[in-house]
1. Which condition breaks for Glu229 when tested against (1) within 22 Å of Ala189 (Cα to Cα); (2) touching a Phe, Trp or Tyr at 6+ places or on another chain (Cβ under 8 Å); (3) not polar (S, T, N, Q)?
2. So if I check each of Leu123, Leu153, Leu171, Leu134, which one is assigned to a helix (DSSP H, G or I), closer than 12 Å to Val91 by Cβ, of a type outside the set (Phe, Trp, Tyr) and out of contact with any Pro (no Cβ under 8 Å at 6 or more places or on another chain)?
3. Identify the single condition in (1) surrounded by 17 or more Cβ atoms within 10 Å (Cβ to Cβ); (2) out of contact with any Leu (no Cβ under 7 Å at 6 or more places or on another chain) that Asp139 does not satisfy, given that it satisfies every other one.
4. Can you list the strands (runs of 3 or more DSSP E) lying wholly within segment 186-260 that have 2 or more residues being touching a His at 6+ places or on another chain (Cβ under 8 Å) and not assigned by TED's automatic domain parsing to the domain that holds Ile78?
5. Name the residue, out of Val126, Val81, that is modelled with pLDDT of 90 or more, touching a Phe, Trp or Tyr at 6+ places or on another chain (Cβ under 8 Å) and closer than 22 Å to His186 by Cα.
6. Taking segment 103-130 as the region of interest, how many residues are touching a Leu at 6+ places or on another chain (Cβ under 7 Å) and more than 27 Å from Lys161 (Cβ to Cβ)?
7. Could you tell me which residue of segment 171-186 is surrounded by the most Cβ atoms within 10 Å (Cβ to Cβ), considering only residues that are without any contact (Cβ under 8 Å) to a residue 12 or more places away in the chain and not basic (Lys, Arg)?
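The values are calculated or read from the model by the stated rules, or taken from the named source; none is laboratory data. Remember, it's a predicted structure, so these values are computed and weren't measured experimentally. Cβ placement follows ideal geometry from the backbone for every residue including glycine, while neighbour counts extend to all protein chains displayed.
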Amino acid sequence: MAKKISKNLTKEPKYEEAANIARQGLALPAKLVTELAEEVARLVVSRIPVRPRQKRKKVKKIDNAVFLDTSAIIDGRIFDVITMGLITGNVVLLESILSELKHIADSQDGVKRERGKKGLSLLDRVKKVRGVRLIVLPDKNGSEEPFEVDEKLIRAAKENKGKIITCDYNLEKKASISGIVAINVHTLATFLKIRAVPGEALHIKILHKGKDSTQGVGYLDDGTMLVVENASDLVGHFVDVIVSRVIQTTAGRILFAKKI
C-alpha cells in the first residue's frame, strides 16, 4: 500500500520537483514539506476501509410495570392480591432477583430453602393468571454490574416508570428518595386491618385464656388480638362483646372488650 501511495505522489508535478531537489541533496522548503505531509495523510486516510456504524437497538420500555422484590416474593401475600385481579398488566422480575431467589432455594438452611422454593412456585403460578404478564428482565449491563440488587431494582423501576412492591423498609425508603413509588406489603396489610373503635360491638369466639385468670382471648379476621374481661369460662364459645379500649404496641394493636 505504501509503494502504491508513493507512486501516486510522484506523478504530481510539485512532488516530482521535490524528488529532484531531494536527489540533488538540497533541503526542501518548509512549505513544501508541510504540503507533502498533508497529502500523504489524506491518501492514507482515504484508503482506510470504513466500517458502517451499527445502530444501537432501542430498548423498549415496560410501561406501568410492577417490580417485585425478593422479600415480597418470599412473603407471598402479594400473589393473593395479584390472583384477585387487583394488579394486572406487566409484573417484572429482575434476573438478579431471580438468581437470588434460586440461591435461597438451594440454601443449606431448611427454613430459607423452603421459603425460596415457595417463592419460585408462586412465581410459576402467576404465569397462569389472566391479565398478568410475568417478565424476567435482564440486568442492564449483565449480572456482573457493580451495583447491589436493591440499586438495580430502583434503577430499572425508574427507567421504566414502574412501581416497586417490597417488604423491606429500607428499600421502600431508598425508592421513595429516588422518586419511585414503593408499596410495602406490611403497610398495605395494616391499612386493610379492621378498624375497631371503642364502643363498637363484635361477635367473636374465645379461643384461650388471657394473662389474667379471668380474661378470655379471641382474634379478629386480620389477626388482631381481642381480650375480653370475665370470659375465661367461655373458651370455645362465641360471645357478643363491646370494645372498651384500644392499645397500640410495637407488635400491633390489642383490643380490650366487655361482654354485652
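1. Unmet for Glu229, out of (1) within 22 Å of Ala189 (Cα to Cα); (2) touching a Phe, Trp or Tyr at 6+ places or on another chain (Cβ under 8 Å); (3) not polar (S, T, N, Q): (1).
2. Leu123
3. Against the list (1) surrounded by 17 or more Cβ atoms within 10 Å (Cβ to Cβ); (2) out of contact with any Leu (no Cβ under 7 Å at 6 or more places or on another chain), Asp139 comes up short only on (2).
4. Counting at least 2 such residues, we get 216-219, 238-249.
5. Details: Val81 fails: touching a Phe, Trp or Tyr at 6+ places or on another chain (Cβ under 8 Å).
None of the others qualify; the one that does is Val126.
6. Here the count works out to 3.
7. Among those residues, the one meeting the criterion is Ser176.
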